[in-house]
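Have a look at the structure below before the remarks.
The values are calculated or read from the model by the stated rules, or taken from the named source; none is laboratory data. What you are looking at is a predicted structure, and each value in this text was computed from that prediction instead of being measured. In this analysis, Cβ positions are derived from the backbone assuming ideal geometry, glycine residues included, and neighbour counts consider all displayed protein chains. All accessible areas refer to the heavy atoms of the entire protein, side chains included, with ligands and DNA or RNA removed. Shrake-Rupley method; radii C 1.70, N 1.55, O 1.52, S 1.80 Å.
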Amino acid sequence: MSNDPSIARAVWARYAWLRDYGHLEYVRKAVKCENFFAGVQWEPGDLAALKASRRPALTINKIISTISNVLGAHIYNRTDTAFRPRNEGATSEVADALTKVFMQISDNNQLQWVRSDVFCDGVVTSRGFFDVRMDFSDSLAGEVRVTQLNPKNVLIDADADEYDPDKWKDVMITKWLTIDDIELLYGKDKADMLRNHTNAYFPYASDAMDLMRDRFGSQMSTFYTGSSTEDHVSTIRNVRVIERQHRKLDKTQFFVDIVTGDMRQVPVDWDNARVQAYLADNPNMTTTMKLVQRIRWTVVAGETILHDEWSPYDHFTVVPYFPHFRRGRTVGLVENLIGPQELLNKVSSQELHVVNTTANSGWMVKKGGLVNMSISELEERGATTGLVVEVTDLDALEKIQPSPTPTGLDRITYKAESHIDQISGVSDYMKGFAREDVSAKSVVANQQSGQANLARVMDNMNRTDNILARNILCLIQRFYTQERLIHITTDQFGAQTQQVAVNQQTPEGRIINDLTLGEYGVVITNQPDRDTFEESQFDQAVRMRTDLGIAIPDKFLIQASRLHNKAQILSELEGGKDSPEAQEQAEMQKRAQMADILKKEGDAKLADARAQREAAESTTGGESDVEIEYAKMQAELELQQRKMEQEFELAKAKLEQDLQLQRAKMEQEMQIKREMASEELRAKQAEAQAQAKQQAIELKAKERMARAVALHGNPEQSAGDPTKTGVKQ
């Protein structure tokens, strides 16, 4: 790593260029959009002017409810990521293993919530960013870490005009760190250099972005002024760190597959011995040198270079999300709602002002006409309910008639709300505010058509998911080279997990699930949120069972339900199949089913015999052997039915008797428990009464003592000082 201060100055110059030529403009827009989303929708100067003139300033925040509907639609429409083979060296088994590894990474990083936060950043500020890199804090082997970046801290190449960061020349991430953070990340020597720097606590006083910072405290930059330097260094984030990732030309060694022509960069930490060992194990591989654009990673704080090395990654760590993207211009959903929201606030405030002026329009007073109050008192109390004014004559006081309400003022409010709905693409049907006279089918159709307004926003999120999965796949193939045992949850109901071994070497020397070989494509599919998915599945299963008569087992109905303890219900249901009661009930159901089957078969045979008898009678004109066979068959069938009915009744009576015995036993146990609880309650009540009685006795004794002291004085004081006794000597 070079210590040339010109490198730090070049990074700072590039940062200042990107900041001043585009990024500050975006920051101002993002701050305004975030304020409107949070309900801070009036300029401070306008609020002061309205307050001085005693006029209302209403804030009717329609933006947050509209955007919340979009955020809810995103939550209900998750995506599923999978991988598929793309060349001859890739297999479906390894693709399945990669999919499971991605599931484990998503679970470790709580990717569904990080994804929702990034989507919210994009919708509100027009930009959202993931950060994907390796983390070695929990495991020496390294784990993929996916985090959310503040979009106001990410500076994009000013000349870039494409969505994919692979087409950008550089990207910068700026953040505030403490000296301790820098020592932990970059070493004690770097931290000491900043500690000894005279301007370490105020490194960039001229940086305009210092004025506003997102945090729990005040957004304005305020620095700690206490006397404890140690507390200042360890807790206050006051050192701006700039991280720049940019592309530079470099000759790099690549592995080349002679058969397929597939090329893969040799890891930067491999020495020549390891490369030769890999070539010996893979005869179809060779190496070649190629001029490529590699990523240079430089981190500076002021003129101190914290890190300056080639990046170990093939892609920038930054993955963007833009709701609407057009040739380098990003557009969110809030910025176009600011105008209608301001119109709604101003018109609503004006309506309230007109109503107030109507109620207190003023008075015309003849000079000297007031008797019981002055002009100033009338000005303050003139709008008070029940006001009584004494005047010299009836013509001395007259109320000023207010001007009529401007025509159409109330309609502007409805127009402003309509503008918000139309511009955002979120209709009343999507909000659940459809009219009562509209059919359910029409509501569903309008909701589906309304989703088309957000199709671009959702499609760009899928595009971001594809880039994110591509970068994670690259990290997996680059760093997940050792044998690992991946644990994934396959059944959330029963808390069942599955172990998947990757890069596992067999005794024969073959590697199972080798993640480092082959090229794989990313497949992004939309799927509803799990809660919504479960509800729809449960409704469909119930309708199939009740309406269509499909015998869906109880297990699947319980799994699709939203019961809190359905895992326990399933386990008890599975375990209860072996109980005597369950076996008897199953046997009864089986016999009932057999009886029903025999009855249907007998009815079919009787119908067949009846048809044969009628045919014989029509030909012979009298009784035949068919009638005799028919009567015999009918008698046998009736005998079998009576026998099965008797057995069924006996089994039913036995089951009812067992249930009655169990019920009686449970009632007896409950009665014993109730009696024990009653005895315990009576004992507690008696104890409480005794305590209350004792307290009453003590209180009466204290009252008697107090009365005696009041009448005769304190006996102890009297004994010590005869002059203070209350009894006359």
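Grab the beta carbon distance between Lys673 and Gln694, set R0 = 41 Å, and tell me the FRET efficiency rounded to 0.05.
Working: r = 32 Å, r/R0 = 0.77.
The pair Lys673/Gln694 has a calculated efficiency of 0.80.
Which FRET efficiency value, to the nearest 0.05, do you get for Asp166 and Phe556 by plugging their Cβ-Cβ distance into 1/(1 + (r/R0)^6) with R0 = 41 Å? If you can, show how the numbers build up before the last one.
Numbers: r = 45 Å, r/R0 = 1.10.
Approximately 0.35, to the nearest 0.05.
Give, to the nearest whole percent, the P(r) tail of the stretch 1-83 beyond 18 angstrom, counting all Cα pairs.
Details: 2403 of 3403 pairs.
Taking all Cα-Cα pairs of the stretch 1-83, the fraction more than 18 Å apart is 71 percent.
So if the hydrodynamic radius of the stretch 273-390 is defined as the Kirkwood radius over C-alpha pairs, what does Stokes-Einstein give as its diffusion coefficient at 37 °C and 0.692 mPa s, in µm² per second? Could the numbers behind the result be given before it?
Values: Rh = 24.3 Å.
Taking Rh from Cα pairs, D becomes 135 µm²/s.
Say each of Arg237 and Asn61 gets a label point 7 Å from the Cα, pointing the same way as Cα to Cβ; how far apart are those two points in nm?
2.3
Given a 1.4 Å probe, how much area per residue of the stretch 1-100 is accessible, in Å²?
On the way: 5490 Å² over 100 residues.
Normalised by residue count, the accessible surface of the stretch 1-100 is 55 Å².
At Glu377 and Gln482, where each label point lies 7 Å from the Cα along Cα→Cβ, what is the point-to-point distance in nanometres?
Placing both labels 7 Å along Cα→Cβ, they lie 9.0 nm apart.
Give me log10 I(q)/I(0) at q = 0.10, 0.13, 0.20, 0.23 Å⁻¹ for the stretch 91-202, Debye formula, one equal scatterer per alpha-carbon, no solvent.
Here log10 of I(q) over I(0) equals -0.47, -0.76, -1.21, -1.24.
Mind giving me the nanometre distance, one decimal, between the label points for Leu185 and Gln504, set 7 Å out from Cα along Cα→Cβ?
Output for this residue pair reads 3.8 nm.
Just report the Cα centroid separation between the stretch 61-138 and the stretch 658-709, whole Å.
60
Say R0 is 45 Å: what FRET efficiency, to the nearest 0.05, do Trp113 and Asp250 get from their beta-carbon distance?
Values: r = 38 Å, r/R0 = 0.84.
Taking R0 as 45 Å, the efficiency between Trp113 and Asp250 is 0.75.
With all protein chains present and a 1.4 Å probe, how do Trp310, Trp113 order by accessible area, largest first?
Trp113, Trp310
Any idea of the accessible area per residue across the stretch 656-698, 1.4 Å probe, to the nearest Å²? List each step's numbers first, then the result.
Working: 4040 Å² over 43 residues.
It amounts to 94 Å² per residue over the stretch 656-698.
If I stretch the segment between Ala686 and Gln640 completely, what's the gain in nm (0.36 nm per residue apart, minus their alpha carbon distance), one decimal? Don't skip to the answer; put the middle values down first.
On the way: separation 46, 0.36 × 46 = 16.56 nm, distance 6.83 nm.
Between Ala686 and Gln640, full extension yields 9.7 nm more.
Sort 67-76, 149-158, 653-662 by packing, meaning the average of other beta carbons within 10 Å per residue, with the highest value first. All intermediate terms of the calculation are to be shown ahead of the outcome.
Working: 67-76: 17.2, 149-158: 20.4, 653-662: 11.3.
My ranking of the peptides, most packed first, is 149-158, 67-76, 653-662.
In whole percent, how big is the carbon plus sulfur part of the accessible area of the stretch 240-360, probe 1.4 Å, protein atoms only? Don't jump to the answer; show the numbers that get you there.
Numbers: 2830 of 5730 Å².
About 49 percent, which is the carbon plus sulfur part of the accessible surface.
Charges on Cβ only, +1 for Lys and Arg, -1 for Asp and Glu, centred on the Cα centroid of the stretch 1-155; of Trp42, Ser68, Val123, which one is farthest towards the dipole's positive end?
In the stretch 1-155, that residue is Trp42.
Given a 1.4 angstrom probe, what's the average accessible area per residue across the stretch 275-362, in square angstrom? Mind dumping the intermediate values first?
On the way: 3880 Å² over 88 residues.
Using a 1.4 Å probe on heavy atoms only, each residue of the stretch 275-362 averages 44 Å².
Please give the length that would be gained between Gln657 and Val266 if that part of the chain were fully extended, namely 0.36 nm times their separation in residues minus their C-alpha to C-alpha distance (nm, one decimal).
Working: separation 391, 0.36 × 391 = 140.76 nm, distance 7.82 nm.
Difference between extended and current length: 132.9 nm.
So how much slack lies between Gln451 and Leu598, counting 0.36 nm per residue of separation and subtracting their Cα-Cα distance, in nm? Mind dumping the intermediate values first?
Working: separation 147, 0.36 × 147 = 52.92 nm, distance 5.52 nm.
In short, 47.4 nm is gained.
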